[in-house]
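Bear in mind these aren't lab numbers, they're just calculated from the coordinates by the rules spelled out. Worth saying up front: this structure is predicted, and the values here are computed from it rather than measured. Every residue, glycine among them, receives a Cβ derived from its backbone with ideal geometry; neighbour counts consider all protein chains shown.
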Amino acid sequence: MSAHSATDKFVYHEPGLQHQFEDMGQQEESVTIGMWMFLVQEILFFGGLFTAYLVFRYRYPMAFAAGSNHLDAFWGGLNTLVLIVSSLTMALTVYFAQKGNRSMQVILILLTMFFGSVFLGVKAVEYTDKYNHGLIPVTGWNKKTPAAEPGAHSAHSAKPCYEVEHGGEHTYVNPHGDFLWTDCSLVKTAMDGNFLTSAEKAGYFDQAFAPGAEISADKFRDKVRIFFFLYFVMTGLHALHMIVGLGLMTWLLWTAFKGYYSAEYYMPVEMSGLYWHFVDIVWIFLFPLLYLLGRHFLHTH
Amino acid sequence: MQASDAISTGYGSAKGNYLTNGSTLASWLLTKDHKRIAIMYLVTVSMFFMMGGLYAAAIRLELLTPASDLLETGTYNRVFTQHGILMIFFFLIPSIPAILGNFMLPLMIGAKDLAMPRINLLSLYIYWAGGLLTLYALMQGGVDTGWTFYTPYSTTFSNSYVMAVGLGIFINGFSSILTGLNFIVTIHTMRAPGMTWFRLPLFVWAHYATSLVMILGTPVIAITVLLVAIERTVKVGIFDPAIGGDPILFQHLFWFYSHPAVYIMILPGMGVVSELISNFSRKKIFGYEFIAFSSIAIAVFGFLVWGHHMFVSGQSVYAGLVFSFLTMVVAVPSAIKMFNWTATLYKGSITFDTPMLYAFGFMGLFLIGGLTGLFLGSVGLTVHLTDTYFVVAHFHYVMVGGQVIAYLGGIHYWWPKMTGRMYSEFWGKISAMLVFVGFNLTFFPQFILGYQGMPRRYAAYPEELQVLNIFSTAGASVLGVGLVMPVVYLTHSLVFGAKAADNPWMLPGLEWRTSSPPPTENFDVMPVVTWEAYEFGEENGLDLEAARRSDVVTA
Amino acid sequence: MSDNHEQHDHMNIPKYVGVFLVLVVGTILTYYAALVDMDSIFPGANTLVALLIAFTKMAVVMLFFMHVYWSKRLIWLSAIGSFFWLAIMFAFTLQDYLTRSEGVFGR
């Protein structure tokens, strides 16, 4: 650069400078602020769902704990780790973009895409599992199991609902693909421990405040269904953001491969990185709030 | 540099302007020029406004007689819902920011364009997409839930096109978010040298506050409408109390956006009026910092008061008290603006041009609208007034008396800059008067009707309320004429109007220092700002009277 | 411009890996913390611990992976402000739900 004469800077066209800006500094600042404003609105976008989660969890903690106990914390935890690794590779992509190292950029973008895809694959496994076990909260969207299928157990057991276990190796009779939930053992535990709130009693019991009120399997199922609804909407929206992120990565891979980025111009890499990390942060909250709440009930009772 | 030089020579270009820079359809549809995008917004928003107005006319005609005779009750439900949805989501929210803000913001701060021109164009296309989807739903038969989409009616019982309209609003929301995002970035990074934060015109401050609300509030309505759509499709029960859901949660989420949304509508209007009051009093605005920060205060406090829409919906009494108290607090920044505008007028050299008439209209009507808002914000009184015509009158005083009048004032004020033509001042004044008179005749009787107990959203009412309803319908006809007239004489002025001078009002703002209409790049050279906002003075060559005497500008 | 170009002096590969390890430890910690019944100490203790860990992880990601630590005050403000607005939404919604059963219309 030092070999260039002073007049060179007037003919030198900075890569990627848009017409409305005076110089790269102004453009970089604008793009950074713009991206952060976008992330602010994304936070509020997810915030509406978190508010819904908060309200329902405050009202029906046991239903939420019961639902959560039936999510697979292994897959959830694995996905958290996968996403954290992808965040690391993304951060390193930005680092090597700043260094102007094209081949490392391409490798790391590929790795980021790989881990992002693994995350989505695990989600697909989990969703399939929910489909097979009648845990999708929409009538008719679950696996339909005709009554005649050998080895099928009746969902409507003669036993009280708190002695029926959900899930496991059973195949339930579910001819219409309903949301199936028969296990209310957790409510029984809470009732025996006398820590049900009156709102919960009203939510789970028939004639909640009459003496000898019984747990109603149907009423409890409706509350658990809300948990699973929120689970699917929140993780679904997150997965949608992951898919958008993968699209972004594909474009980034192409442009990085073509060598568009240099130590002077790497804004698109950095901005994509911000988005990717944001999606990671959402999952950092979703994991404990959806998978781990009430987990200790499984171990202490 | 002498300011007078700057004003007489200007930063403008004689080489051509943004209107002559390309005349093909593609040069408009693929433009990245904020001015052309604003013009396209102007055309579309006006169309939605006229459609919303037709629905309003249908409502007023139906209410001419006590019986439900012109419209069936079911049809009436759809008509007032469509009126609300078109007016709120497709007129009030985009009108000032997307038209006047889009056009003027870069000019006012001395930028070549908004920071993200392509995102600006994208927001227009998103607006069109959302609008087309909503129009499609309206042609299919529309929606009858009220613009508030209250659950469980909207999710479970309504047989109308809730999904399509909801999706239209969901899409349209992102247009609003992108506009807000663009404005915030632009104001932060695109200001010309010397244009410090406290030299910004108050219109820009108002848009900064509006953009904050857009970014922080709109995503919440998006997710809420999405939940309603999912609930309506798959019947999970999240908003259905029969199976454990919670309709009050919907109201919390809905009003978390929709209350701040009224500040999206009114704050830009306040920005326009700050410009008009100061510029047509030819006096530096009184209490610049107070007006600027009261905009930000309204944007922040506006998020803390949404529960006053839910006083009688089953919300807890304590929450009602807190929301009621904060509602009183949010009146303070609005009052600060009113006092400062009044103080600006004091001893000013006021000229009664058309935009100033609108500004005066705004001050009176917004005062009434704001003060009746305090009635509705007090927990006790609102039990009597909830869902009556008192509420309808209140928000029309704020939305029409405030926002629409400010919008019209702004359109008239900047029309010579936007088009390069002067409209007929005579007809402008007539229409401003008609709007003011017609508006009051339409909506003042509704305060009385509401206080007497006439509920909103009904096609029929008791016979003893007919007299006031006739007044109201008569007023609506006058208002209608007053609103159609600008369309006629403004369009007329495009062809037959006198050519406007670069600075027809002799004002110090940066937008008046380029040519009318501005060149595509806005300024031929990068402007350097050496003056404070609203810095008048004859030594600056800004003597309007002298200019008019010597025919430099048209009167 | 200069701000951005100074950034890569602040972080290097060992530091990025260090941040990554903090996140991994946080994930493992949050899993095992959920298995312990802390709710018997006081109700909500499990959730509190889970959220504290999540907030720590978030802070680390934002500060170092997203370079907020070296960014302008406006970026800090927007990061903090967005969570402040979330807090407004949560708090003002909950002030309704938490006080439903109190006052004149309560039990």
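So here's what we get for this one:
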{"item": "Förster radius 41 Å - calculated FRET efficiency between A:His19 and C:Asp37 (Cβ-Cβ, nearest 0.05)", "result": "0.10"}
{"item": "Alpha-carbon centroids, the stretch B:189-234 and the stretch B:324-352: separation in whole Å", "result": "23"}
{"item": "Helical mean residue ellipticity (222 nm; -39500 (n - 2.57) per DSSP H run of 4+; nearest 500) of chain A", "result": "-21500 deg cm²/dmol"}
{"item": "Separation of alpha-carbon centers, the stretch A:50-82 and the stretch A:203-237, rounded to whole Å", "result": "14"}
{"item": "Estimated 222 nm signal from helices in chain B, with DSSP H stretches of n ≥ 4 weighted -39500 (n - 2.57), rounded to 500", "result": "-21000 deg cm²/dmol"}
{"item": "Under the span-like rule (Cα at least 30 Å along the axis, Kyte-Doolittle mean at least 1.6), DSSP H helices of chain C", "result": "C:13-35"}
{"item": "Number of partner chain Cβ atoms within 10 Å, mean per residue of B:307-317", "result": "3"}
{"item": "Long-range amide H partners of A:Asn174 with built H, under 5 Å", "result": "A:Thr145"}
{"item": "Cα shape, the protein assembly as shown, gyration tensor, a/c 1.5 rule", "result": "oblate"}
{"item": "Neighbour net charge for C:Leu63 - beta-carbon separation under 15 angstrom, K R +1, D E -1", "result": "+3"}
{"item": "Residue-by-residue Karplus 3J(HN,Hα) for the stretch A:117-122, coefficients 6.51, -1.76, 1.60, Hz, glycine and proline x", "result": "5, 4, 4, 5, x, 4"}
{"item": "Mean Kyte hydropathy of 1.6 or more with a Cα span along the axis of at least 15 Å, helices from DSSP in chain B", "result": "B:202-234, B:288-301"}
{"item": "Residue order, fewest to most surrounding Cβ atoms within 10 angstrom, among B:Thr372, B:Thr20", "result": "B:Thr20, B:Thr372"}
{"item": "Summed side-chain charge close to A:Phe278 - residues other than A:Phe278 whose Cβ falls under 14 Å, Lys, Arg +1, Asp, Glu -1", "result": "-2"}
{"item": "Fewest-first sequence of B:Met163, B:Met270, B:Met108 by Cβ atoms within 10 Å of each Cβ", "result": "B:Met163, B:Met108, B:Met270"}
{"item": "Degrees, to the nearest 10: A:24-59 long Cα axis against longest axis of chain A", "result": "0"}
{"item": "Residue with peak Gaussian network fluctuation, chain C [Cα springs, cutoff 10 Å], from C:Met58, C:Met89, C:Met38", "result": "C:Met89"}
{"item": "Inter-chain Cβ neighbour average for residues A:263-272, partner chain, 10 Å", "result": "1"}
{"item": "Helix A:267-286 axis, angle to chain A major axis (alpha carbon atoms, nearest 10°)", "result": "20"}
{"item": "Value of D in µm² per second that Stokes-Einstein yields for chain B, Kirkwood Rh from Cα pairs, at 37 °C (0.692 mPa s)", "result": "137"}
{"item": "Proximal charge balance of A:Ala97 [Cβ under 12 Å; K/R count +1, D/E count -1]", "result": "0"}
{"item": "For B:Thr388, distant residues with modelled amide H under 5 Å away", "result": "B:Arg456"}
{"item": "Principal axis box of the stretch B:162-251, alpha-carbon based, largest edge first, Å", "result": "61, 23, 16"}
{"item": "Selected from C:Val60, C:Val24, C:Val68 as most flexible by GNM, with chain C as the system and alpha-carbon contacts under 10 Å", "result": "C:Val24"}
{"item": "Under-5 Å amide H pairs with A:Glu214, H placed in peptide plane, nonlocal only", "result": "A:Asp206"}
{"item": "Footprinting exposure proxy for B:Tyr489, B:Tyr208 (fewest neighbouring C-beta atoms within 10 Å first)", "result": "B:Tyr489, B:Tyr208"}
{"item": "Candidate lysines - alpha carbon under 26 Å from B:Lys284, same-chain residues fewer than 8 apart omitted", "result": "B:Lys337, B:Lys347, B:Lys417, B:Lys429"}
{"item": "Most fluctuating residue given options A:Gly76, A:Gly34, A:Gly25, as computed from a GNM of chain A linking Cα atoms under 10 Å", "result": "A:Gly25"}
